1. My understanding is that a pair violates if its Cα-Cα distance is over 24 Å; which of LYS15/LYS54; LYS15/LYS119; LYS95/LYS119; LYS14/LYS79; LYS79/LYS128 do that in this structure?
2. For Kirkwood radius over Cα pairs in Å, the choices are [x] 17.5; [y] 15.8; [z] 18.3; which was calculated from the structure?
3. Restricting attention to region 31-136, which trypsin sites (Lys or Arg not before Pro) occupy a DSSP loop and are surrounded by at most 11 other Cβ atoms within 10 Å?
4. Taking a ≥ b ≥ c as the square roots of the Cα gyration tensor eigenvalues, with a/c under 1.5 meaning rounded and otherwise prolate when a/b beats b/c, else oblate, which class fits region 1-42?
5. In the chain, if the dipole is taken from +1 on Lys/Arg beta carbons and -1 on Asp/Glu beta carbons about the Cα centre, which of VAL86, GLY100, GLN37 is farthest to the positive end?
6. Only helical DSSP H runs with n ≥ 4 go in: add -39500 (n - 2.57) per run for the chain, normalise by residue count and round the 222 nm mean residue ellipticity to 500 deg cm²/dmol.
7. Name the longest site-free stretch of the chain, where the excluded sites are GluC sites (Glu not before Pro) in a DSSP loop with no more than 15 other beta-carbon atoms within 10 Å.
8. What base-10 log of the normalised intensity I(q)/I(0) is obtained for region 84-156 from the Debye formula, alpha carbons as equal point scatterers, at q = 0.12 Å⁻¹?
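The values are calculated or read from the model by the stated rules, or taken from the named source; none is laboratory data. From a predicted model like this one, the values you see are computed outputs, not experimental measurements. Quick reminder, even Gly has a Cβ in these numbers, built from the backbone with ideal geometry, and neighbours come from all protein chains shown. Note: accessible area is taken over every heavy atom of the protein model, side chains too, but ligands, DNA and RNA are not part of it. Shrake-Rupley method; radii C 1.70, N 1.55, O 1.52, S 1.80 Å.
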Amino acid sequence: MAEKEVILTLEGLKKLEEELELFKTVRRREVVGRIRQAMDFGDVSENSEYDDAKNDQGFIEGRIITLVKMLRNVRVIDKVERTDIVALGGKVRLKDMDFGDEEEYFIVGSAEADPDTNKISNESPVGKAALGQAKGAVVEVNVPEGILHYQILNIM
C-alpha cells in the first residue's frame, strides 16, 4: 500500500526534521536513563517508574517511525506561483457571510495544520472549499452544524 504524500512548507519540513532529531537523540537517551534507574530499584514487576518509562519509550519509538515515514514521503511547497486562485501554500482572507467576521488563513498540508496560528489544512472543510477559488467567490463549507458561507476577499 502506498504511503500518503505529506505536504509541507519549508518551515514545516524544518520543524519535522528538528522534532525527529530531538526524539532520536535527547528524548531516546532520557528514557533509557529512566529505565536504567528504575531497574536499579530491583524487581520491575511492580515498579511504576519502570512501567512509565517503558510506555514513554514505546511512544518515542513510535513517533520516530512516524516521522521517518512522513519525511520519506514529503512534497515541499516552496512558493505559490499564482495569486489569482487559492492554492496550497498561499494565504487567503475570508469573510464569514453570516456573521461578518474576517479571518486570514495560510493553507498548508494536514501534517502542518495548526488552527491556533491560522494554518489550516487543505483537507479541512474550509481549506477544501477555498482551494482553486478566485477572489470574490463565495464558497459553501459543510460542517456538522450546517452550511457556512465565506467570501474570498483577498489571495496572497
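1. Working: LYS15/LYS54 26 Å; LYS15/LYS119 14 Å; LYS95/LYS119 16 Å; LYS14/LYS79 15 Å; LYS79/LYS128 19 Å.
Distance filter (> 24 Å) returns LYS15/LYS54.
2. For Kirkwood radius over Cα pairs in Å, the calculated option is [z].
3. On the way: sites: ARG34, ARG36, LYS54, ARG63, LYS69, ARG72, ARG75, LYS79, ARG82, LYS91, ARG93, LYS95, LYS119, LYS128, LYS135; in loops: LYS79, ARG82, LYS135.
Of the trypsin sites (Lys or Arg not before Pro), the ones in loops of region 31-136 whose Cβ has at most 11 other Cβ atoms within 10 Å are LYS79, ARG82.
4. Oblate is the answer for region 1-42, as a/c is 1.5 or above yet b/c matches or exceeds a/b.
5. VAL86
6. Values: 4 runs with 57 residues, N = 156.
It lands at -12000 deg cm²/dmol.
7. The segment 82-122 is the longest one with no such site.
8. -0.26
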